[in-house]
Amino acid sequence: MKAPGVTVRPLKQITGDAEFNEVFFEDVRIPDSMRVGQEGAGWQVATTTLMNERVALGSGTTGGMPKSLGRGPVDGIIDRYKPVLRDPALRDQVMKLWVENAVIRLTGARAGMRRKSGAQPGPEGSIGKLAGAEFNQKLGVLELALQGAHATGWDPDDKLTEGVVRGMLRTRANTIEGGTSEIMRNILGERVLGLPKDIDVSRDVAWKDVPRSSK
Ligand SMILES: Cc1cc2nc3c(=O)[nH]c(=O)nc-3n(C[C@H](O)[C@H](O)[C@H](O)COP(=O)(O)OP(=O)(O)OC[C@H]3O[C@@H](n4cnc5c(N)ncnc54)[C@H](O)[C@@H]3O)c2cc1C
């Protein structure tokens with residue numbers, strides 16, 4: 001990253017933070033000593049890295065099958081909004097998310113056990129990434145609703161509401177970062193379920209020869 005020709009430009013997000021960057025490589029030379037894996041195996045290295053990133057994003061840090069599910073993010077919501085949750089319709093939404101989260105965590109635990117036994121991450125990575133991203137967004141929106149009018153403006157000292165609003169805005173990125181939900185569905189459809197692939201006329205063409213709009 002310190003080599004001449006590498007330019008890093010932070011990208012500002014809707015939350016006001018800039019957690020990631022645009023990185024430009026202009027005529028950058030990378031020495032062979034920094035190569036990861038065998039020559040010609042770059043795609044394999046890239047997909048393995050991405051699969052591991054998805055597992056990390058989708059399942060948290062579950063190292064093995066938990067004896068009991070323990071407390072998850074929805075339990076915190078139940079504690080915080082007990083009086084509001086007297087409303088049966090809201091209670092119903094909260095419990096649906098509790099169950100969804102339990103399924104995600106158990107799937108994550110299965111993926112964790114697979115990795116511990118030395119196997120490559122399986123489809124659980126893409127399933128967890130997809131389900132986890134959509135779950136986070138639903139939970140963010142639900143907690144905003146539970147906050148009611150508070151969520152439209154708050155005291156500078158009200159860290160809970162600020163955290164809820166910032167958290168909800170941050171979850172917007174979950175279905176984009178680490179592979180979008182559309183791409184996750186493509187991977188699950190094509191690689192896991194074996195459905196026919198999209199027609200790709202560039203499949204066997206070198207990247208430098210792939211037609212671009214600017215050519
Ligand atoms: C908060 C945040 C943090 C990030 N952090 C990092 C990071 O640390 N490192 C890093 O390298 N990147 C990072 N990213 C970048 C992220 O990985 C990309 O934004 C993401 O992979 C989508 O790529 P893109 O933005 O080029 O969108 P595009 O690939 O241009 O996609 C645009 C839209 O078209 C859809 N689409 C594209 N291709 C297909 C297809 N074949 N079938 C169906 N739909 C399709 C996508 O789903 C999307 O809705 C981050 C992004 C965000 C938002």
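None of the figures in this text is laboratory data; all of them are computed from the coordinates on show. Small disclaimer: the values here were computed from a predicted structure and weren't measured. Neighbour counts are summed over all protein chains in view; Cβ atoms, including those assigned to glycine, are modelled from backbone coordinates with ideal geometry.
Given the pairs LYS12/LYS96; LYS138/LYS197; LYS82/LYS159; LYS82/LYS138, which are separated by over 22 angstrom at their Cα positions? The partial results should precede the final answer.
Values: LYS12/LYS96 34 Å; LYS138/LYS197 30 Å; LYS82/LYS159 19 Å; LYS82/LYS138 19 Å.
Violating the 22 Å Cα-Cα cut-off are LYS12/LYS96; LYS138/LYS197.
Multiply the residue separation of ARG114 and ALA46 by 0.36 nm, subtract the distance between their alpha-carbon atoms, and state the gained length in nm to one decimal. Don't jump to the answer; show the numbers that get you there.
Working: separation 68, 0.36 × 68 = 24.48 nm, distance 2.00 nm.
22.5 nm is the gain from fully extending ARG114 to ALA46.
Between THR15 and ASP155, what is the spin-label point distance in nm, taking each point 7 Å from the Cα along the Cα→C-beta axis?
Here the answer is 2.5 nm between the modelled labels.
Only counting other Cβ atoms within 10 Å, I'd like PHE24, PHE135 sorted with the fewest neighbours first.
On the way: PHE24 11, PHE135 21.
If I rank by nearby Cβ atoms, fewest first, I get PHE24, PHE135.
What distance in nm separates the two pseudo spin-label positions at LEU69 and LYS96, each 7 Å out from Cα along the beta-carbon direction?
The modelled label-to-label distance comes out at 1.6 nm.
Quick check: net charge around LYS116, other residues with Cβ under 14 Å of its Cβ, Lys/Arg +1 and Asp/Glu -1?
On the way: positive: ARG110, ARG114, ARG115; negative: GLU124.
Around LYS116, the surrounding residues sum to +2.
In whole angstrom, note down how far apart the Cα centers of the stretch 113-186 and the stretch 11-51 are.
24
At a 10 Å Cβ-Cβ cut-off, how would you order THR180, THR152, fewest neighbours first?
Final ranking by Cβ density, sparse to dense: THR152, THR180.
Would you calculate a helix-derived [θ] at 222 nm for the chain, using -39,500 (n - 2.57) for each DSSP H run of n ≥ 4 and dividing by the full residue count, to the nearest 500? Walk me through the numbers before you get to the answer.
Values: 6 runs with 99 residues, N = 215.
Rounded to the nearest 500, the figure is -15500 deg cm²/dmol.
Under a plain spin-label model, where a point goes 7 Å from the Cα along Cα-to-Cβ, how far apart in nm are ILE176 and ASP79?
Once both label points are built, they end up 3.3 nm from each other.
When the convex hull of the Cα atoms of the stretch 105-215 is projected onto a plane and the area is averaged over all directions, what value comes out in nm²?
Values: hull surface 48.5 nm².
About 12.1 nm², averaged over all directions.
Using r as the Cβ-Cβ distance of ARG86 and ALA145, and R0 as 25 Å, what FRET efficiency do you calculate, to the nearest 0.05?
Numbers: r = 15 Å, r/R0 = 0.60.
The pair ARG86/ALA145 has a calculated efficiency of 0.95.
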